[in-house]
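Read through the structure below, which is laid out as structure tokens, and then see the notes.
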Amino acid sequence: MCACSDSCCSSGRSALRSIFINYRRDDSEGEAGRLFDDLTSHFSRDSVFMDVAAIEPGRDFRKAIDQSVANCNVLLALIGRDWLDSKDSQGSRRLENANDFVRIELASALRRDIPVIPVLVRGAKMPHADQLPDDLKELHYRNAVELTHARWKSDVQVLIRALHPYMDTPAPQPARAEAAPQVVSPSPSGPHTVNTEVGIQRIGTQDIERITKELATYIGPISDVIVKKAAKRCTSVEELCGKVSQEIERATDRAKFLRSCRF
């Protein structure tokens with residue numbers, strides 16, 4: 001039986017765990033399990049490490065964890081809304097405990113310069129460096145991804161593409177529409193006409209980049225995928241803004257985004 005209430009490991013398993021999921025059970029257990037299923041269905045069960053049943057009696061759990069983390073290519077740190085201030089039975093913040101399993105795993109990966117990707121769930125925000133113990137402060141400077149309930153499938157696909165370089169496997173290519181004949185724009189310098197492999201996309205690259213940046217304020221990095229996909233089916237900036245604005249949950253934020261699109 002596992003000696004901790006959070007993610008833990010055993011060095012008794014010989015297979016390489018390329019992706020290590022670090023999480024706190026009272027903060028993001030459901031999301032961790034769902035992400036584990038998605039990653040194992042895409043890669044393989046032996047490529048993703050989340051939990052095992054036991055650390056052998058008599059083993060130094062700190063060394064066991066350190067050895068297991070050392071075998072991974074990338075660590076995913078799931079951070080929910082209660083991750084930073086989670087308390088133990090004595091009312092102390094878990095992250096302040098040097099023997100906290102989540103802290104040990106993260107500190108081990110950061111110390112070894114193993115890529116650590118913060119994965120924000122349940123609307124969590126990245127903690128500031130001054131809110132973290134010294135051995136975890138580097139976490140603040142790692143680029144994060146966000147997994148949301150409403151856009152879980154598309155968010156996970158973004159994460160999977162980001163993981164492929166660490167797995168030494170080619171990233172999946174998005175499905176390509178049937179190619180249309182190449183058409184030369186009569187006005188190549190025009191602000192709203194660019195040629196693409198699937199025909200003419202009547203929205204300029206600069207407009208797409210700006211819309212992506214504005215949308216990212218509300219939904220995070222997934223905006224890049226959403227805007228580019230929607231742009232292929234839209235014929236104007238106004239139509240594109242209207243379509244992608246549906247990804248914003250709050251009506252007030254959606255209205256603010258649409259106002260920012262008037263350029």
(request) State all residues of segment 226-256 that are open to solvent by less than 50 Å² (accessible area, probe 1.4 Å), closer than 27 Å to ILE160 by Cβ and in contact (Cβ under 8 Å) with a residue 40 or more places away in the chain; if no residue qualifies, say none. (result) ILE226
(request) Could you list, in sequence order, all residues of segment 136-153 that are in a helix (DSSP H, G or I) and surrounded by 16 or more Cβ atoms within 10 Å (Cβ to Cβ)? (result) LEU136, GLU138, LEU139
(message) Of all residues being among the β-branched types (Val, Ile, Thr) and in contact with an Asp or Glu (Cβ under 8 Å, 6 or more places away or on another chain) in segment 100-115, which is least open to solvent (accessible area, probe 1.4 Å)? Just the residue, please.
(response) VAL102
(message) Give me the residue from segment 208-225 that is aliphatic (A, V, I, L, M) and open to solvent by less than 30 Å² (accessible area, probe 1.4 Å) and, out of that set, nearest to the chain's Cα centre (by Cα).
(response) ILE222
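The values are calculated or read from the model by the stated rules, or taken from the named source; none is laboratory data. Treat the numbers as computed from the prediction; the structure is a model and nothing was measured. We place every Cβ from the backbone using ideal geometry, glycine too, and count neighbours over all the protein chains shown. When the accessible area is computed, the model is the full protein with side chains, heavy atoms only, and any ligands, DNA or RNA have been set aside. Shrake-Rupley method; radii C 1.70, N 1.55, O 1.52, S 1.80 Å.
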